[in-house]
Structures are given as structure tokens and as C-alpha cells.
Amino acid sequence: MEEPENSTTSNISYTDFFLVGFPGLREWRSLLLLPLSFLYALIVSANALVIYTVAIHRSLHQPMYTLISLLLAVNICAASAVVPQMLSGFIHYANPISLEACLAQMFFIYFTLLLDYNLLLAMALDRYVAICHPLRYADLVTPHLLGLLAVVALIRSLAVAVPLVVLTSRARFCRTAMIRHFACEYIALLSIACGDVTFNNRLGLAMRLITVTFDLSLLGASYTRIIYAAFQISSGSARAKALHTCGSHLLVILTIYLSGLSTSIVFRFAKSVSQDVQNLLSAIYLLLPGALNPIIYGVRTKEIRQHVERLLWSRKSGLVMGDQSKRLQHS
């Protein structure tokens with residue numbers, strides 16, 4: 001299913017598109033339906049399990065666990081903005097989508113990604129105060145501060161996502177109505193725009209570089225101070241716990257930033273890479289954090305892991321007891 005490209009001088013501007021994810025696979029694309037459905041179910045259930053565990057146990061009602069829950073909730077939203085549309089596209093060769101729906105999906109993709117970055121900064125601040133100023137932690141990290149950080153995260157995410165969507169909405173799309181991607185990413189839409197989109201490309205790259213450079217500078221400075229302070233702790237067990245907690249956060253940071261960096265490099269500089277490989281890197285970038293984050297925090301964070309194990313064990317025991325009572329009633 002190919003569509004001839006129109007001349008860039010055409011007055012036509014498409015307002016309805018077709019998403020074609022992994023176009024090189026053609027008839028084999030339907031085979032991706034089952035594994036991606038399983039991955040989506042895993043992302044939603046694993047993140048929801050950790051969030052539920054934090055919500056029902058008062059001992060976990062602390063700033064660090066609240067921030068972890070918010071991050072995992074954003075993971076669910078990010079996956080839900082992409083995967084259902086992707087799965088629909090694997091049933092048919094081309095998945096129809098309007099310009100308005102495409103821009104809405106783009107907004108939610110970048111808004112949730114930026115919220116991830118902002119929540120990681122809030123976590124770094126929380127750990128910095130907890131390890132570098134433990135005696136003042138309760139006075140400094142208050143519900144008021146968490147609310148303020150949430151507002152700043154929302155404003156900062158909107159300040160990047162909204163301009164990208166507004167600029168994209170003003171572009172003319174006359175090359176083709178076919179988007180060779182499973183989602184309405186910024187670069188995917190610009191690739192079918194006609195006219196001079198140099199400013200759009202430069203703005204997108206500049207916003208990415210400024211955001212990532214600023215965030216990584218703050219994260220690097222914070223965790224350098226945190227690790228240095230952790231090694232000054234006299235108690236070996238307390239030092240090991242502090243480093244272990246920071247290790248979980250650093251694993252999440254590496255997962256999010258490295259996957260995003262590799263995708264940006266390939267999209268902008270590796271012109272010879274096939275469209276299917278670009279799509280695969282985007283899928284990893286968008287979905288890998290949501291799949292790994294609940295595992296990292298659920299396994300490496302002792303308090304969460306213990307409560308999750310008790311919750312699953314009690315539910316399993318309840319199911320066994322229920323089966324036994326039913327058998328006794330029928331016997």
C-alpha cells in the first residue's frame with residue numbers, strides 16, 4: 001500500500017493520516033500483536049501492583065515512595081498513549097488517524113516523557129536531603145514541597161510539549177498521508193511535512209539538548225554529593241542502604257536517558273538505518289522504562305518488595321482456601 005508523494009509546491013495539506021508501524025515486516029506484522037499485548041499487560045499490571053502496595057500500607061506513605069508511585073503512574077499513562085494505537089495498527093496494514101488525534105497523541109507522548117525527567121529530578125532532591133541533611137529531612141521534605149514540585153513538573157512539561165505540538169499543527173503535510181511509524185512522534189510527522197521545517201527541527205533538537213543537559217547536570221551534581229555523603233556515614237549498614245537506594249534511582253535514570261539518547265542519535269544522524277530499526281528503537285525508548293521501573297523498584301527496594309511479596313502470598317493463600325472450602329461444600 002504505497003501512496004505517491006505530492007510535490008512540495010502543492011496546496012494540499014493532509015488532515016487524515018495512516019500510521020504504518022514496521023512497514024518492512026508487511027504480513028509478519030500481525031505476529032507482533034501477541035508479544036506487545038503481553039508487554040502492555042505486564043506494564044499496566046506491574047506498575048499498578050507497586051502503586052497499590054504503596055497506597056494501602058501506611059509505612060510506605062513517605063515522600064520517596066510517593067514519588068516512585070507517581071513515576072509508575074506516568075509509566076502507565078505513557079504506555080497507554082502509544083500501545084493501543086500500535087496494536088490496532090498491527091491488525092490492519094494502515095491505521096487511520098486524524099490530525100487532531102495525531103497531535104493529541106504527540107502531546108501525551110512528550111508530556112509523559114518530560115514528567116518522567118522531572119520526577120527523577122524530584123527523587124534526586126529527596127535523596128539529597130535524606131542523605132546529606134538527614135536531621136532536617138522531616139522539616140524540609142514536606143507535603144507542601146511535594147505539591148510545589150508537582151506543580152513545577154507539570155508547568156515545565158507543558159512548556160516543552162505544548163510548543164512542539166503548536167508548531168507541528170501549523171505545518172503543511174503534502175508529501176504523503178502515510179506516516180511510517182506506529183505513533184505520532186515529532187520527527188515522524190516532520191518527515192512528511194512540506195516547505196521549510198528547518199526551524200521546527202532545530203527547535204526540537206534545541207529543546208531536547210537543553211532539557212537533557214540541564215537535567216543531567218543537576219542529577220550528576222546531586223548524586224555526586226549523595227554518594228560522597230553516603231561514604232562518610234560511619235554505620236556500614238546505613239551506608240549500604242543509602243547506596244543501594246541511590247543505585248535503584250541511577251538504574252532508572254540510565255534506562256530512560258540512554259534509550260532516549262540512542263533514539264535521537266539514530267533518527268538525526270544515522271540516515272542509512274532502516275525505518276523498522278528506527279521504529280524498534282522508538283518502541284524501546286517509549287516502553288522499556290515502563291517495563292523495567294516497577295521491577296527495579298519492586299525488587300531492589302526492600303520495603304516495597306516485602307509488602308508486594310506479602311500481598312501476593314496472602315492473595316494466593318486466599319485463593320487456595322477458597323478452593324478448599326468449595327470442595328468441602330460439594331463433598
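Numbers below:
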| quantity | calculated |
| --- | --- |
| Calculated FRET value between R58 and L209, using beta carbons and R₀ = 41 Å, to 0.05 | 0.45 |
| Residue-by-residue Karplus 3J(HN,Hα) for region 72-85, coefficients 6.51, -1.76, 1.60, Hz, glycine and proline x | 5, 5, 5, 4, 5, 5, 5, 5, 5, 6, 10, 5, x, 5 |
| Whether region 16-318 is rounded, prolate or oblate, judged on the alpha carbon gyration tensor where a/c under 1.5 counts as rounded | prolate |
| Simple label model, 7 Å out from Cα along Cβ direction - V152 to S314, nm | 3.7 |
| Neighbourhood charge, 12 Å Cβ-Cβ cut-off, centred on I253 and excluding it, Lys, Arg +1 and Asp, Glu -1 | -1 |
| Sequence-separation-based contact order of region 1-115, relative, with Cα cut under 8 Å and 6+ spacing, percent | 40 |
| Length released on extending from H133 to R170, taking residue separation times 0.36 nm less the Cα-Cα span | 8.4 nm |
| Unpaired by the 4.7 Å Cβ criterion, cysteines found in the chain | C77, C132, C246 |
| Listed residue (V162, L281, I68) projecting farthest to the positive dipole end of the chain, Cβ model | I68 |
| Rounded tilt (10° steps) of 33-56 against the dominant C-alpha axis of the chain | 40 |
| Test item: Cα-centred dipole of region 16-318, Lys/Arg +1 and Asp/Glu -1 on Cβ, debye | 480 |
| Least to most buried among T198, T15 (fewest other Cβ within 10 Å first) | T198, T15 |
| Listed residues L119, L209, L250, most fluctuating in the chain (Gaussian network, C-alpha, under 10 Å) | L209 |
| C-alpha long axis of helix 198-231 to longest principal axis of the chain, angle in ° | 10 |
| CD proxy at 222 nm, helix term only [per DSSP H run n ≥ 4: -39500 (n - 2.57); per residue of the chain; nearest 500] | -26500 deg cm²/dmol |
| GNM result for the chain, Cα springs below 10 Å: residue of S80, S235, S191 fluctuating most strongly | S235 |
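Just so you know, all these numbers are worked out from the coordinates, no wet-lab data involved. Keep in mind the model is a prediction, meaning the values are calculated, not measured. Backbone-built Cβ (ideal geometry, glycine too); neighbour counts: all protein chains shown.
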